[in-house]
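Taking it in order: structure first as C-alpha cells, then the write-up.
The values are calculated or read from the model by the stated rules, or taken from the named source; none is laboratory data. All figures in this text were calculated on a predicted structure; none of them were measured in a lab. All Cβ positions, even for glycine, are placed from backbone atoms using ideal geometry, and neighbour counts span all protein chains on display. The accessibility values were calculated without ligands, DNA or RNA, using every heavy atom of the protein model including side chains. Shrake-Rupley method; radii C 1.70, N 1.55, O 1.52, S 1.80 Å.
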Amino acid sequence: MSENYIKQLYDDNTGFRLHYTIGEFAGKSTTQYLHYDIELSFIYFIKGVGEIKIEGKKYDIQDGDLILLKPSELYHCIVKDGTHHERLVLYFNSNLLQNFGAVSNTFFEPFYNRKDGCDNKIPQELIEKENIDTGLLELLCLVKKSNEVDKLVSRCKTVEILSKIR
C-alpha cells in the first residue's frame, strides 16, 4: 500500500467499532487473504470500485454500495492497483442494543435471515433512497469527537442506520 494510505479505528466499547480507510492502493487487494469477522459488520464503499467475494460468490462494488456480513462469512475484498479507495466498516455486537429488550434481535434480521454468501449487497441506489449514506457520513464525523454526548449520539445513529437497513 502507498504511503498516503490511512487507516483509523474508533472504538469506545459501547457495542460498535468503526474502521475508516482512505487512500490509494499499491497492491491488488485490501486484505491479501480470505478471512472472516467475529462480529456482525457491514462495509460501506464510499469511493473506489472493485469486487468482494463472499462464500465464493462475487459481488462487483461501485461507489456507495453496502455489504452486510455476519460472523464467519468468509470474504476477500479486491481493489485494483492505483485506485483511490475510501470505505467505512462498522462492527457491532449485542451490547449495542443491550437495553432494547426482545425487539433488539429484529435489528439484526438482515444479517441472519439469509444464507451465507447470499443477499450481502445493498446497492447504492437503495442506500441513497433511505439516506443511509448520509447517516454513515454523520456517524463518521461523530466518532471522531471524544465527548460523551457525541459518543451517545453515535450509538443512536448506529441503531438508526441498522433500522433503515432492516
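A few notes on this one:
- Residue in region 74-93 that is touching a residue at least 12 places away in the same chain (Cβ under 8 Å), under 24 Å from Tyr10 (Cα atoms) and of a type in the set (Gly, Ala, Ser) present: no
- Boolean, Arg155 is of a type in the set (Lys, Arg) and in a loop (DSSP other than H, G, I, E, B): no
- All positions within region 57-67 that are over 14 Å from Arg87 (Cβ atoms) and out of contact with any Asp or Glu (no Cβ under 7 Å at 6 or more places or on another chain): Lys57
- Residue match in region 124-140 (condition: outside any helix (DSSP H, G or I) and under 28 Å from His35 (Cβ atoms)): no
- Screening the candidates Val79, Val103 for the property of being open to solvent by 50 Å² or more (accessible area, probe 1.4 Å), at negative phi, of a type in the set (Val, Ile, Thr) and over 15 Å from the mean Cα position of the chain (by Cα) yields one hit, Val103.
- Complete set of residues in region 110-146 that are open to solvent by 30 Å² or more (accessible area, probe 1.4 Å) and closer than 13 Å to Tyr10 by Cβ: Cys141, Lys144, Lys145, Ser146
- The one condition in (1) surrounded by fewer than 15 Cβ atoms within 10 Å (Cβ to Cβ); (2) closer than 28 Å to Gly56 by Cα; (3) without any contact (Cβ under 8 Å) to a residue 40 or more places away in the chain that Val149 fails to fulfil: (2)
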